[in-house]
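Just below is one structure, and these are the notes that go with it.
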Amino acid sequence: MFESLLLLLPISILFVLVIGVVLWWAIFSGQFEDLDSAGKSILRDDDSVDAQEDTQNSERPNTTDEAKNSEVKKH
């Protein structure tokens, strides 16, 4: 039992230190600066034939948003 602790304890401490260093690097290297652009980039993909129709449709006001806004104002 004691011999396994002598092996597992240093290994677990090493894993915690490695995870801490990786998290530290990720935070201070800017990995969490812009989390939304990757998700939105797929929506801005203009390869399709319908790209012109999509831009024309986006210029029209969304009636569902207007209905939600009027409901919020009533409450």
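Quick notes
- Annotation for Ser29 and Ser4: the two label points, set 7 Å from Cα along the Cα-Cβ direction, are 3.6 nm apart.
- Contour excess over end-to-end distance, with Cα ends at Ser41 and Ile11 and 0.36 nm allotted per residue: 6.7 nm
Each reported figure results from applying straightforward, stated rules to the coordinates on display, with no laboratory input. Bear in mind the structure is a predicted one, so any value in this text is a computation, not a measurement. Because the Cβ atoms are built from the backbone with ideal geometry, glycine has one as well, and the counts that use them run over all protein chains shown.
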